[in-house]
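Just below is one structure, and these are the notes that go with it.
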Amino acid sequence: MKKKALSTIAALLVVVFSGIAQDDFIVVEQHSRKKGEKKIRLNDNIGVVKFTPTQLLVGEINFSYEHQVSKQSSFEVALGPTLSNIALGANGGNHYIDPYYGGGGTYQTSGTGFFAEAGYRFYPLDETEALNRFYVSPILKIRQMNYGLKDIAGTLPDQKGSDLLTSFAMNFGYQLWISKSFSFDFFTGLGIGQQQENSYFQVSEYANNTYTYKWQATSNSYARYVFNFGMKVGIGHK
């Protein structure tokens, strides 16, 4: 009887442990399947060096760098020189100011300045990582355009003027990869900014039956809307 009882108990234990082991195997298999379903497509690059040819229209030589900081976000910075009074024709970047305004005639000549820009990008789509497809990006930007002022008569010394714009904007864009290392980045946006203009104009003074001319400094500050649009071409790196 004892042998029979022991045999029965041993058989039951084998069945129980076999069932438990089988259940554990099934749980592990289901867990790995769920992980596979949530996996998103990875990028071939973690950074992109870009050039924005459309910004040449507003006098910027715009180079930027975007770096991935998480699965769905990146940080982009841009820096470069500016060139004011770009124009076509024989006069190039020289702009003639009406001599009847103030005193004598004045030429406004082109000059070099700078710009700096920083922005955070969020890529909300679940199927891909950052640096790819649709994004939203708040950006801060500083741009200064410098120019020269010349007296046509040549009696007054040259002066310099500046136009400084500090702005905040919200950009929306789409970064499209046409190969593993080459991308197009299309963007548009709207924002507000503060513009500060510092310049000079000529004034005349009459004394001793003679007109004399001098430069008069002027400064003007005002708020304005900012509209952004353009296209960037980029080269990615791992």
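The values are calculated or read from the model by the stated rules, or taken from the named source; none is laboratory data. None of these values were measured; they are calculated from a predicted model. Here the Cβ is made from the backbone with ideal geometry for all residues, glycine too, and neighbour counts use every protein chain on show.
Out of the range 118-136, which residues are part of a strand (DSSP E or B) and not basic (Lys, Arg)?
The answer is Ala118, Gly119, Tyr120, Phe122, Thr128, Phe134, Tyr135, Val136.
Considering the range 177-188 alone, what residues qualify as being surrounded by fewer than 18 Cβ atoms within 10 Å (Cβ to Cβ) and either polar (S, T, N, Q) or under 10 Å from Gly234 (Cα atoms) (or both)?
Across the range 177-188, the qualifying residues are Ser179, Ser181, Phe182, Phe184, Thr188.
Would you point out which residue out of Thr188, Thr109 is out of contact with any Asp or Glu (no Cβ under 8 Å at 6 or more places or on another chain) and at pLDDT below 95?
Criteria check complete, one pass: Thr109.
Among the residues of the range 151-158, is any assigned by TED's automatic domain parsing to the domain that holds Ser70, within 26 Å of Val226 (Cα to Cα) and crowded, with 17+ Cβ neighbours inside 10 Å?
Within the range 151-158, none of the residues are assigned by TED's automatic domain parsing to the domain that holds Ser70, within 26 Å of Val226 (Cα to Cα) and crowded, with 17+ Cβ neighbours inside 10 Å.
Please go through the range 205-217 and give me each residue that is loosely packed, with under 12 Cβ neighbours inside 10 Å and either part of a strand (DSSP E or B) or touching a strand residue (DSSP E or B) at 6+ places or on another chain (Cβ under 7 Å) (or both), ordered by number.
Those that are loosely packed, with under 12 Cβ neighbours inside 10 Å and either part of a strand (DSSP E or B) or touching a strand residue (DSSP E or B) at 6+ places or on another chain (Cβ under 7 Å) (or both): Glu205, Tyr206, Ala207, Thr210, Tyr211, Ala217.
Confirm whether Asn228 is of a type in the set (S, T, N, Q) and modelled with pLDDT under 95.
no
Is one or more of the residues making up the range 74-82 modelled with pLDDT of 90 or more, over 30 Å from Asp158 (Cα atoms) and of a type in the set (Val, Ile, Thr)?
Within the range 74-82, one or more residues are modelled with pLDDT of 90 or more, over 30 Å from Asp158 (Cα atoms) and of a type in the set (Val, Ile, Thr).
Which condition from (1) within 19 Å of Gly161 (Cβ to Cβ); (2) at pLDDT 95 or above; (3) surrounded by 18 or more Cβ atoms within 10 Å (Cβ to Cβ) is the one that Gln202 breaks?
It fails just one condition, (2).
Can you pull out every residue in the range 134-150 that is within 30 Å of Gly230 (Cα to Cα) and either of a type in the set (Val, Ile, Thr) or surrounded by 17 or more Cβ atoms within 10 Å (Cβ to Cβ) (or both)?
Within the range 134-150, Tyr135, Val136, Ser137, Ile139, Lys141, Ile142, Arg143, Gln144, Met145, Asn146, Tyr147, Gly148 meet the criteria.
Give Gly236, Gly191 a once-over and let me know the one that is within 21 Å of Lys50 (Cα to Cα) and surrounded by 15 or more Cβ atoms within 10 Å (Cβ to Cβ).
The conditions single out Gly236.
For the range 132-149, how many residues meet the condition of being of a type in the set (S, T, N, Q) and over 20 Å from Phe75 (Cβ atoms)?
2
I'd like to check something: does the range 166-179 contain any residue that is at pLDDT below 95, under 30 Å from Val48 (Cβ atoms), assigned by TED's automatic domain parsing to the domain that holds Gln68 and not in a strand (DSSP E or B)?
Scanning the range 166-179 turns up at least one residue that is at pLDDT below 95, under 30 Å from Val48 (Cβ atoms), assigned by TED's automatic domain parsing to the domain that holds Gln68 and not in a strand (DSSP E or B).
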